[in-house]
Structures are given as structure tokens and as C-alpha cells.
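Asker: First the structure, then my questions, so here it is.
The values are calculated or read from the model by the stated rules, or taken from the named source; none is laboratory data. Quick caveat: nothing in here was measured; it's all calculated off a predicted structure. Here the Cβ positions follow ideal geometry from the backbone for every residue, glycine too, while neighbour counts run over all protein chains shown. In case anyone asks, the SASA skips ligands and DNA or RNA and just uses the protein heavy atoms, side chains included. Shrake-Rupley method; radii C 1.70, N 1.55, O 1.52, S 1.80 Å.
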Amino acid sequence: MKVSGVFAVFWKELADNFGSRRFLILFILISLIGVFTTYLSSQAIVAKPAETPTEFLFLRLFTSQTQSLPSFVSFLGFFAPLLGIIFGFDAINSEHSRGTMSLVLSQPIFRDSLINGKFLSSLATIAITFASIILIVFGLDLRLLGILPEGPELSRLAVFFVMSIIYAGFYLSLGILFSVLFRRTTTSALTSMAVWFFFTFFLYMLANVIADYTVPITQEVTEEVILKHTRVQAMIMRFSPMTLYGESVNVVLNPSVRTLGPIFSEASEELIPAPLSLSQSLLIVWPQFVSLIALMLICFSVSYIVFMKQEIRSI
Amino acid sequence: MEWVVETRELSKFYNGVKAVEKLNLRIREGEIYGLLGPNGAGKTTTILMLLGLTEPTSGRALVYGYNSTTEPLKVKRITGYLPENVGFYEDLTARETLRYIARLNGIPDKESSSKIDEVLKSVGLSEVSEREVGKFSRGMTQRLGIATVLIKHPKFVILDEPTTGIDPEGASHILDLIVKMSREQNITVLLSSHLLHQVQRICDRVGIVSEGHLVGEGSIEQLGREIAGKEQTFLEVQVEELMPNIANSIRKIEGVKEVRSSGNLLSIRCDRDVRRQVSKVIVDSGTLPLQIRSRDYTLEEIYIRYFQRG
Ligand SMILES: Nc1ncnc2c1ncn2[C@@H]1O[C@H](COP(=O)(O)OP(=O)(O)OP(=O)(O)O)[C@@H](O)[C@H]1O
Ligand SMILES: [Mg+2]
């Protein structure tokens, strides 16, 4: 009895999600970006086969940027949050304004079935979206380069897949939180977008300003100062889920990346050798990955608690 | 005897502001009970507490003996509820809406599909079962609401202002549906409303709430008699011919409060039985009383009296 409520909500919301126009638009947008970036980076590989290592060629499609376009992964850093926000921002308050809240909650289900069902169905929608985009890239790659991902690549892709879901899941639960806190859907939509804007653009500028202020870069600058400057900047940027996500997936998709800090030319020469194993890569980005999960869970828990205590009537 | 609904000193305060206070309500099996009161009287708050959707500040609400606050699922399994200003998912059809409600009640699709046809037919929505609910009129929406209540096979049904915003014909249709449902399936009904005539038409018993208190309870006749006994009564007298001074002479009778005349009909408000004196005055003035009838209170009058007192 207890689970049936969650299931009923889950399946209905899943159908709603896939039927919604905003999802369709965003899905097309992200797929197109996937297709373009894959196409361009595979063209680059075909053009200069000598310059690219043949190892982990498939993963390179996701992370390599060309002159004209940033990498697919950095695009995802921008757009994955939107995927979370469109499902989250009106999850609860639209039920109030539509007048369906008391209709649903007067059925024999626990109150949390509604919010859990909605969260899980949106997470599933996000997962299906990412999976189908990865499959699109698979297919395209097979045509253009004629290669298929190998075993270790597949496990790295799987981790990338999970990380992307959690990154979008953070914005999903943030959207749900605002949909619980604000009664108007326009307010919750704008607030969610403002947070996204802050983390995606504003924090970057802020990090620059603070770094310039605390560690000014003058004419006769030492390498040490530049290093410090970059460290300050990076530290502030890590408040952004986008940075956490970007660092995590870049390490996971690039087995040769061994450190997250700034790398100087002399040092990087020595760092070329053998690629890391997946667990070694994961060890590097473990803090980032765990932070993302924690952020998502905290947002969802707060919305859960507030929702459970909320008056059912909106006035 | 076991009551379908029993509240004990049920109270709800919103941040110290009273919505319901020490309400004692009892509803018998099979009856249609009307909860009557002006806006803000606390009707919806009471209903939400009965369903366990709002926690009482103090007191208890029991439905079929289940405590609504601690066992809400048991209450909600046997209780159908049509909220005031109910809304539906605009993109779903009537049939899909009912299927969703059935699923939420743990009824598998195989069982629900024939039941859905049956319920749609009984509320008169068979023809539009495949139409999206967003395109429904207010009356159709409300009938769909009743269908969502029926689909779960309830023993007890709560309807919160089921006829607001509906034209008289539609309202009448809905009231008929409620009576039919109650009589045919022996469902106990709690109906909240401030539309007196509708309540008067279908309710077996009425509870009048004002500012969170139950100020009067009983059948319409009982309520009327209670007021009549304590206060006033009405006489309607039909005379053969309305003589010009009749009204003034009647006014002089002891106990008569007010006399109004229209055509050959006199309406008299008085605080005791004055039929004998009135007939005498009429005969004395040279005409004949054709009919003297003491009129019952209408619910409207009862209602207004209760609020004047309260
Ligand atoms: N969530 C809330 N927070 C604060 N006060 C509330 C809340 N809900 C209701 N009230 C107050 O409780 C009182 C009773 O409201 P209720 O909705 O129960 O009245 P009602 O009898 O259903 O009125 P109506 O006929 O307008 O539906 C009102 O004074 C209302 O302002
Ligand atoms: Mg109300």
C-alpha cells in the first residue's frame, strides 16, 4: 500500500514530463549541441590523426574543444541545470494553484508520496535524457570514426552519466525547494533562474574580482603570486556546482589528468605518463563528487521537511 | 451506536487566531448532514481535520472510529472528498483522471476500467470521457469531482460547497446525484454549504456553525420549532375581501408584532397563538377568513435568527 502511492505518482509524472513542451524544446537543444560538438571534434580528429593519441578516443569526443565550439561537457555544465529547473520549479506550487493538491492528498497515500514520486520521476526523465544523448553520440561516432567505446571507456562513461544526473538533480531539488517555498510559479521560476545565473556567470566574475583584490598581480610578478592568485580564484569558483561538476567530469573523462590545480609548463612535461585507473581518477574528484551529492540531498531534504509541515490550503 | 463522524472538543487555531473551537459534531450512518455557515465559519477547516489533512490544535476527530490525525490512511481509504474549488490536471482526459485516482487508491487498471465507465455514466459524462478536463465547463468539472469520489467506493463522502459557481439547473442535477448516491449505496454524506435552499432540499439534518462553534443542530423542523417555541411564529391568513381597516385592527391584538398585506393575503408575525382573536377581528369587520395557516420557519429565517443570537 505504501509504495503504490509513490508508483502511481511516479508514472503519471513521468508521462507528464515527457509530454511537456518545455522538455521537448530543451531536449532538442541539448541533443543538437551533442551532435554538433561530436561532429566538430571528430572532424578535428580526422583532420589531424597524428596529433591525437588513439587511447580513449571516444571519451575525447565529450571533452575536446575546437576553435569554434567549447566541449560538450562544458555545454552540459550550462544546460543540465535548466533540465533540472524546468521539472522542479513548479512541482508543488502548481498543484496548489491548480487545485489538485487536496484532491491528491485526500486519497489514501502518505503525503510524502507526492513529493517523492515527483522527484524520482523527474530524476528518471533526466537520466533517460542523458542516456539517449550519449546513445546519439555513440551512433554518430560509429558513422564518423567507426570506433566503439572499449571497456574502461564504458565504465568512465557510466560515472560521467551518474555525475551528470546528480548535477541536474541538484538543480531539480533546488527548483522543488522554491516550488515549496513560493506560492507563485513565476516567483519560483525566477528565483531558480537567478541561482543558476549566479553560479554560472556571476560567481566567475566575483572570483576574479576577489582574487585581484586579495592577491593583486603587479608588473614584477613572481610565479608564486600567480599561483596564489589562481588558487584564490579556484577556491571561490568551487562554491559553484558548475565548477564541481566540470572538474569531476573532466577528470573522469580524461584518464591523463592527475591534478586539479594549475599546472605549469615544466611540471606538466613529467605528468604525461601512463593514464590513471578509474579509481585513481575518482580519488582526485571525490570531494567534488560528494559535495554535489550532498548539495542535492540537502536541498531535497529541506523541501521535504517544509512540504510535510505545510498547510494544505493556499491562502 | 457507532457514529460515522464524531468530533470531541475539536479546535483549530491558526497562529492564535480561532478557526474552529470546541466543535462537537456527530453524524449517523446513512444520513445526509448539512454543515451550514457563513464564509469563514470554519467549515473547510473542520473537514480538513476530519480527513487528517490539517492537525487539530486540540480535541479529536473520529471517522468510523478511526482517529483522523493518527490513522489518516484508514480514514482516507473509506472517505471520498470533493474539495471546494477542486481542480484537475488539464491535460488528462476524464477517463485518465479517474484512472489516476483509482491507482492512488491502489485499484489496479484491470479492475478500474469497467468501474470508470459505470461512474462516468452515473454522473452523465460518458460522452466526454475522452475529452481533456481543461476543456470542461464548471458544471462538468464538478460532476467529474463527484465521479472521483465514487470511483473509490466510499462509505462516507464529504462535499465542500459542491454547487458554488454552477447554474441552478446544474446545481439541481448535482444535488440529485448526491441524494441518489446516498440512498442507493447507503453512503453517509457531509455537505458543507451556505446555500440554504439546497441544504433544505436534501439534508436530513443540519448543523449551523458560526465562528467555529456549532450554534444549532437538528432537522429543519426541529430547528424551526426551537426558535418558534422560544420566540415567534408566523400566520398566513387568506380573507374573502381585504377591508381597509383590517390590518390596523389586527395590529391592536395583544401579541401581534407585525402585519403585512398583499392582495387578499395577510402575513402576521406574532409571539403567541392569536388565531382565535384574528378570526374574530376579521368576522367583525364584515368579511370571512378563508384559510388560516401557521407557517413554518424557512431555513433562511432560522439561519438569520441563529446568527442574530450568536
Ligand atoms: N492556512 C490558514 N492560515 C490562517 N488562517 C486560516 C487558514 N485557513 C483558514 N484560516 C482562517 O480560518 C477561518 C475559517 O476558515 P474556513 O475556510 O474553515 O471557513 P469556511 O467556513 O470554509 O468558509 P467559506 O465558506 O469561505 O469556505 C477563517 O477565518 C480563515 O481566515
Ligand atoms: Mg470553505
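Asker: On the basis of being in a helix (DSSP H, G or I), away from every other protein chain (no Cβ under 14 Å) and within 29 Å of A:Ser188 (Cβ to Cβ), does A:Phe62 make the cut?
Answerer: Details: in a helix (DSSP H, G or I): yes; away from every other protein chain (no Cβ under 14 Å): yes; within 29 Å of A:Ser188 (Cβ to Cβ): no.
In short, no.
Asker: Another question about this same structure. Just name the residue that is nearest to B:Arg201 (Cα to Cα) out of those in the range B:124-177 that are within 20 Å of the chain's Cα centre (by Cα) and acidic (Asp, Glu).
Answerer: Only one residue fits best here, namely B:Asp176.
Asker: Assuming B:Glu96 fulfils every condition listed in (1) assigned to a loop (DSSP other than H, G, I, E, B); (2) more than 16 Å from ligand 2 (Cβ to nearest atom); (3) open to solvent by 60 Å² or more (accessible area, probe 1.4 Å) apart from one, which condition is it?
Answerer: Of everything listed in (1) assigned to a loop (DSSP other than H, G, I, E, B); (2) more than 16 Å from ligand 2 (Cβ to nearest atom); (3) open to solvent by 60 Å² or more (accessible area, probe 1.4 Å), B:Glu96 misses just condition (1).
Asker: For the range A:144-170, give me each residue that is in a helix (DSSP H, G or I) and open to solvent by 40 Å² or more (accessible area, probe 1.4 Å).
Answerer: Of all residues in the range A:144-170, those in a helix (DSSP H, G or I) come to A:144, A:151-170.
Result: A:Leu144, A:Gly151, A:Pro152, A:Leu154, A:Ser155, A:Ala158, A:Phe161, A:Val162.
Asker: Within the range B:31-38, identify whether any single residue is away from ligand 2 (no atom under 14 Å from the Cβ) and either over 22 Å from B:Asp204 (Cβ atoms) or open to solvent by 10 Å² or more (accessible area, probe 1.4 Å) (or both), and answer yes or no.
Answerer: There is at least one residue in the range B:31-38 that is away from ligand 2 (no atom under 14 Å from the Cβ) and either over 22 Å from B:Asp204 (Cβ atoms) or open to solvent by 10 Å² or more (accessible area, probe 1.4 Å) (or both).
Asker: Sticking with this structure for a sec: For the range B:69-123, give me the residue count where each residue is in contact (Cβ under 8 Å) with a residue 24 or more places away in the chain, more than 10 Å from chain A (Cβ to nearest Cβ) and under 28 Å from the mean Cα position of the chain (by Cα).
Answerer: Number satisfying all stated conditions: 7.
Asker: A further question follows. Give all pairs with beta carbons closer than 8 Å in which a residue from the range B:39-54 that is within 19 Å of B:Lys155 (Cβ to Cβ) and more than 9 Å from every other protein chain (Cβ to nearest Cβ) meets a residue that is assigned to a helix (DSSP H, G or I) and near ligand 1 (Cβ under 8 Å from one of its atoms); count only pairs at least 6 apart in sequence or on separate chains.
Answerer: Listed pairs, sorted by first residue: none to list.
Asker: I've got another one for you. Looking only at the range B:68-80, decide whether some residue is charged (D, E, K, R), within 20 Å of B:Ile187 (Cβ to Cβ), crowded, with 23+ Cβ neighbours inside 10 Å and more than 16 Å from ligand 1 (Cβ to nearest atom).
Answerer: Within the range B:68-80, the first condition is being charged (D, E, K, R), and the residues that meet it are B:71, B:74, B:76-77.
If we keep only those that are within 20 Å of B:Ile187 (Cβ to Cβ) as well, we get B:74, B:76-77.
Within this subset, residues satisfying the condition of being crowded, with 23+ Cβ neighbours inside 10 Å are B:76.
Next, only the ones that are more than 16 Å from ligand 1 (Cβ to nearest atom) stay: B:76.
For the range B:68-80, residues charged (D, E, K, R), within 20 Å of B:Ile187 (Cβ to Cβ), crowded, with 23+ Cβ neighbours inside 10 Å and more than 16 Å from ligand 1 (Cβ to nearest atom): present.
Asker: In the range A:282-315, what count of residues is obtained for those that are more than 14 Å from chain B (Cβ to nearest Cβ) and open to solvent by 70 Å² or more (accessible area, probe 1.4 Å)? Before you say what the answer is, go through the steps one by one.
Answerer: Applying the first criterion (more than 14 Å from chain B (Cβ to nearest Cβ)) to the range A:282-315 yields A:282-306.
Keeping just the survivors that are open to solvent by 70 Å² or more (accessible area, probe 1.4 Å) gives A:283, A:286-287, A:297-298, A:305.
So the count comes out to 6.
Asker: Does B:Gly52 fit the bill of being surrounded by fewer than 23 Cβ atoms within 10 Å (Cβ to Cβ) and either outside any strand (DSSP E or B) or away from ligand 1 (no atom under 15 Å from the Cβ) (or both)?
Answerer: On the way: surrounded by fewer than 23 Cβ atoms within 10 Å (Cβ to Cβ): no; either outside any strand (DSSP E or B) or away from ligand 1 (no atom under 15 Å from the Cβ) (or both): yes.
Judged against the criteria, B:Gly52 is not a match.
Asker: Follow-up. Taking the condition within 10 Å of chain B (Cβ to nearest Cβ) and in contact with a helix residue (DSSP H, G or I) (Cβ under 9 Å, 6 or more places away or on another chain), does A:Ser113 pass?
Answerer: Working: within 10 Å of chain B (Cβ to nearest Cβ): yes; in contact with a helix residue (DSSP H, G or I) (Cβ under 9 Å, 6 or more places away or on another chain): yes.
When the stated conditions are applied, A:Ser113 passes them.
Asker: Could you tell me whether any residue of the range A:210-233 is open to solvent by less than 80 Å² (accessible area, probe 1.4 Å), under 26 Å from A:Val290 (Cα atoms) and outside any helix (DSSP H, G or I)?
Answerer: So far as the range A:210-233 goes, no, none of its residues is open to solvent by less than 80 Å² (accessible area, probe 1.4 Å), under 26 Å from A:Val290 (Cα atoms) and outside any helix (DSSP H, G or I).
Asker: Quick check: is even one residue across the range B:61-82 within 28 Å of B:His197 (Cα to Cα) and within 16 Å of ligand 2 (Cβ to nearest atom)?
Answerer: Our first condition is that a residue be within 28 Å of B:His197 (Cα to Cα); within the range B:61-82, this holds for B:63, B:79-82.
From the residues that got through so far, the ones that are within 16 Å of ligand 2 (Cβ to nearest atom) too are B:81-82.
Yes.
Asker: A follow-up question, please. Just wondering, is there one or more residues in the range B:6-24 that are touching a strand residue (DSSP E or B) at 6+ places or on another chain (Cβ under 9 Å), in a loop (DSSP other than H, G, I, E, B), within 16 Å of ligand 1 (Cβ to nearest atom) and under 26 Å from B:His197 (Cβ atoms)?
Answerer: Going through the range B:6-24, the residues touching a strand residue (DSSP E or B) at 6+ places or on another chain (Cβ under 9 Å) turn out to be B:6-13, B:18-24.
Going one step further and asking which of them are in a loop (DSSP other than H, G, I, E, B), we end up with B:24.
Now restrict to residues that are within 16 Å of ligand 1 (Cβ to nearest atom): none.
The answer is no, given that none of the residues of the range B:6-24 is touching a strand residue (DSSP E or B) at 6+ places or on another chain (Cβ under 9 Å), in a loop (DSSP other than H, G, I, E, B), within 16 Å of ligand 1 (Cβ to nearest atom) and under 26 Å from B:His197 (Cβ atoms).
Asker: Still on this structure, please answer the following. Determine whether B:Gly59 is small (Gly, Ala, Ser) and open to solvent by less than 10 Å² (accessible area, probe 1.4 Å).
Answerer: Values: small (Gly, Ala, Ser): yes; open to solvent by less than 10 Å² (accessible area, probe 1.4 Å): no.
When the stated conditions are applied, B:Gly59 does not pass them.
Asker: May I ask you to list the residues in the range A:11-52 that are within 14 Å of chain B (Cβ to nearest Cβ), in a helix (DSSP H, G or I) and open to solvent by less than 40 Å² (accessible area, probe 1.4 Å)?
Answerer: A:Lys12, A:Glu13, A:Leu14, A:Asn17, A:Phe23
Asker: Starting from the range A:221-239, take each residue that is under 16 Å from A:Phe198 (Cα atoms) and list its partners that are part of a helix (DSSP H, G or I), counting only C-beta distances under 6 angstrom and pairs at least six apart or across chains.
Answerer: Listed pairs, sorted by first residue: A:Gln233/A:Ala207; A:Gln233/A:Ala211; A:Ile236/A:Ala207; A:Ile236/A:Ile210; A:Met237/A:Ala207; A:Met237/A:Thr243.
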